[in-house]
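Since the structure comes first, as structure tokens, the remarks are kept for the end.
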Amino acid sequence: MAAPVVVVAETIYGGLTPASLECVEEARDVAESLATAVHVILPGHQTAALADELAAHGADRVTVIEHQALAQFSADGWLAAVAPVLKETRAVFTLAPDSGYGRSWLPRLSARWRIPLASACIRVKVTDEGYPEVFRVSHDGKLHERQIWARGTAVMVMLWPGVRGVGPALPGRPASVTVVEPELDPATFRDRTLRTVPPDPHDVDLTEAERIVSGGLGVGGPEGMALLQQLADELEAALGGTRVVADRGWLAADRFIGTTGKIVAPKLYLALGVSGAGQHVAGITGSETVIAVNTDRTAPLLKLADLGVVGDLHAVVPVLIRKLRTLRQAAQAAPAVRPALLDPVIRTPVAAAAGRPRDASAREALP
Amino acid sequence: MRLAVCLSLVPDPATIDVDPLTGEIDADRTLYIMDPADAAALELALRLRGEGDTVIALTVGPAAAEPVLREALAAGADGALRLWDESRSATKPAVTSLLLATALRNEGLPDLVFCGWRSLARGSGKIPALLGEYLDWPVVTDIARLEIQAARVHFHRRLARGDRSEGEVTMPAVLAIAADGVRLRYASLPQLMQACRTAIPMRDLPDLGLSPLDLSFPASTVHAVTPPRPRPRTIFIPDSSLSPHERIGQILSAGAAPKSNTVLEGSPDEVADAIIAFLQARGFLEQPA
Ligand SMILES: Cc1cc2nc3c(=O)[nH]c(=O)nc-3n(C[C@H](O)[C@H](O)[C@H](O)COP(=O)(O)OP(=O)(O)OC[C@H]3O[C@@H](n4cnc5c(N)ncnc54)[C@H](O)[C@@H]3O)c2cc1C
């Protein structure tokens, strides 16, 4: 059988990381052009149930590496567990997310096996002539490099998260699943992870925040910002704003957004009383979904937003907060069905965590 | 404790001017700086240095890279060492790491090696792990914070999108630092002048006991360098039949295009409902049962 395209997937809080699914879908495209299979390696503890999701995004084969010592990441552990399985696949391409975890072990295998490894890649393909080809970012995103290798060269690729995006799943797509249980001695792991903690929206750096509630001069003063903070808490979002708001001292100086402040790329950007000046907008173009509330129907940000609301924030926000609270309480009364938790973890419910698939419960490894 | 810090001199991205056609950098406009991630690594090493500890700065590069070491000396590093293979004009991560590992061995191994998590130049992010491989040491990447406790390094590691993990690693180890807020301390004028006068030792291949053959790695070709061209992103579009409100149905049908733009007006109650339905449709809030 033709050599497969292999993905080494990562999990967090018992679920697959979006970056891993991006790798699987990218691998699917490459495998199709080579008429070969996508083989996903999934190291962890009690992660076998995730194989269906891998299949739904394009895996033909899944090898689950199961061991209690893999419940939390260890570079030494991953090297010991993954290397033998990966070697046996004879992969033409090996894809992994360009994550801190991946960067701590995959380069070591590339050196050991003398297989080239390209990191910070945004696209992988095979040229019409059959050469492995990647596009990668360099110089802080100022340049893209196209790199190619001789035909048939096995190549390792680390894919920059968030560039490809994850497409719709095809539930029921079949994959053959193998579970291997290697012998591992965690006492030999020189590095280990003790626990994983979710971001605290109050101090997460805005550049890393998944959701941002942002205030402009329209908030009218510190009380308006305090109202927005309540809305942000309700949505588990970080609070940001425009420069003029920070200049007036209504917002911490490291939390304004724009060309002279933070360049942000959240999934949700909810702007209230923000006009949408060029210097501000330049800092939010990476946002996936933008909602804007403004009294002025000609405000530039209303035109850029996915959802624009012409209205007075001081009237809308209190109603919105009240409705979100009611929803949260209803959800707590009748908890939504969540997938079974797959990590051996203790969950400490946090009040604000309800209503969000990846909740903010503190999760710690059992001793 | 002996600490080593690997530094690189990189083009300041703010001064990089890319020709939109050729993708070439206008070299005349480019200014070079100490890589900010490396500078944070150096600062953390200097903060960790206690009585009797030393911090040594290393760089791989031609004589033109010396300023990065002088800056480290001015900031308080106890020594500096430059490594270079005169037959090259540039190095790959594997070569850089091998030169660093060999020099560290020859000079007496430190207890910890600090690197930046990823450089602002080609930015492979591979050097810490490769260095760990050549030294046969453990490696921890993306460290935001660290502390030494009982001969182990206790660290906070940066994960995607604000998540963090905490863990520990035995010493010796290679530590790749991603401490965004950490800036290198300012050097005083006397320190700067002193650092400018210091002669910086250099080791080339024969000094390191390496042959050019040791540095031959599988070839890859950088075929083209271009200005960034964003690739289209796959986005998940929720099924509009899930949507409770007709209004939102409209938004969703427009959502089939890459960017919808719906502008609503109404009573606070109506628009609050619309915002909530929109958040539900986009998966930011759970769908009502
Ligand atoms: C060199 C330079 C660099 C700059 N860099 C930045 C930067 O990095 N980031 C940045 O943000 N700015 C920057 N600015 C400033 C920028 O040009 C704008 O002045 C600023 O972004 C406007 O902020 P704003 O939207 O809060 O205020 P305004 O432009 O005053 O907008 C306030 C908006 O609120 C609306 N509004 C008022 N009352 C209400 C209400 N009750 N309900 C709803 N809406 C209401 C108004 O209709 C208006 O649209 C820079 C400027 C310069 C010259």
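Bear in mind that the values in this text are calculations on the coordinates, not laboratory data. Note that this is a predicted model, so its numbers are computed, not measured. So basically every Cβ, Gly included, is an ideal-geometry build from the backbone, and we count neighbours across all protein chains shown.
Annotations for the structure displayed:
- The separation of the stretch A:236-296 from the stretch A:108-143, counted between C-alpha centres, amounts to 35 Å.
- Counting, for every residue in A:83-94, the Cβ atoms of other protein chains within 10 Å of its Cβ and taking the mean gives 0.
- Here the calculated FRET efficiency for A:Ala315 and A:Ile263, from their Cβ-Cβ distance with R0 = 30 Å, stands at 0.45, rounded to the nearest 0.05.
- The stretch B:2-221 shape via C-alpha gyration tensor axes, a/c threshold 1.5: rounded
- Peptide-level mean, for B:136-144, of C-beta atoms on other protein chains within 10 Å: 5
- For chain B, relative contact order (Cα pairs under 8 Å, six or more residues apart, normalised by length) works out to 19 percent.
- Net length gained if the chain between A:Ala150 and A:Glu32 were fully extended (0.36 nm per residue, minus Cα distance): 40.5 nm
- Think of it as helices only: each DSSP H run of n ≥ 4 in the protein assembly as shown is worth -39500 (n - 2.57), and spread over all residues that comes to -8500 deg cm²/dmol at 222 nm.
- For the pair A:Thr295 and B:Glu166, a Förster radius of 45 Å applied to the C-beta separation gives a FRET efficiency near 0.50, rounded to the nearest 0.05.
- Helix B:268-281 and the longest principal axis of the Cα set of chain B meet at an angle near 60°.
- Bridges between two residues of chain B, per DSSP, are antiparallel at a rate of about 40%.
- For chain B, size of Cβ-based charge dipole, Lys and Arg +1, Asp and Glu -1, in debye: 220
- Contact order for the stretch B:133-236, expressed relative to its length and based on alpha carbon pairs under 8 Å spaced 6+ residues apart, stands at 20 percent.
- The overall shape of the stretch A:49-92 is oblate: from the C-alpha gyration tensor, with semi-axes ordered a ≥ b ≥ c, the ratio a/c is 1.5 or greater and a/b is no larger than b/c.
- Tilt relative to chain A, helix A:75-89 - C-alpha long axis, 0 to 90 degrees, to 10: 50
- Averaging the sequence gap over all C-alpha pairs within less than 8 Å and six or more residues apart, then dividing by the number of residues, gives chain A a relative contact order of 14 percent.
- Rounded, prolate or oblate (a/c below 1.5 giving rounded, otherwise prolate when a/b exceeds b/c) for chain A by Cα gyration tensor: prolate
- In units of the rule-of-thumb radius 2.2 N^0.38 Å, the protein assembly as shown shows an alpha carbon radius of gyration of 0.99.
- Partners of A:Lys142 within straight-line reach, counting aspartates and glutamates whose Cα lies under 19 Å from its Cα and excluding those fewer than 8 residues away in the same chain: A:Asp98, B:Asp12, B:Asp17, B:Asp19, B:Glu24, B:Asp26, B:Asp28, B:Asp35.
- Bridges between two residues of chain A, per DSSP, are antiparallel at a rate of about 30%.
- Folded to 0 to 90 degrees: helix A:18-34 orientation relative to chain A principal axis, Cα: 50
- Eligible aspartates and glutamates near A:Lys323 by straight Cα distance, threshold 12 Å, same-chain separation 8 or greater: A:Glu234, B:Asp269, B:Glu270, B:Asp273
- Order of A:Ile65, B:Ile148, B:Ile33 - criterion: other Cβ atoms within 10 Å of each residue's Cβ, fewest first: B:Ile148, B:Ile33, A:Ile65
- Inter-chain shielding of A:302-312 (mean C-beta neighbours from other protein chains, 10 Å cut-off): 6
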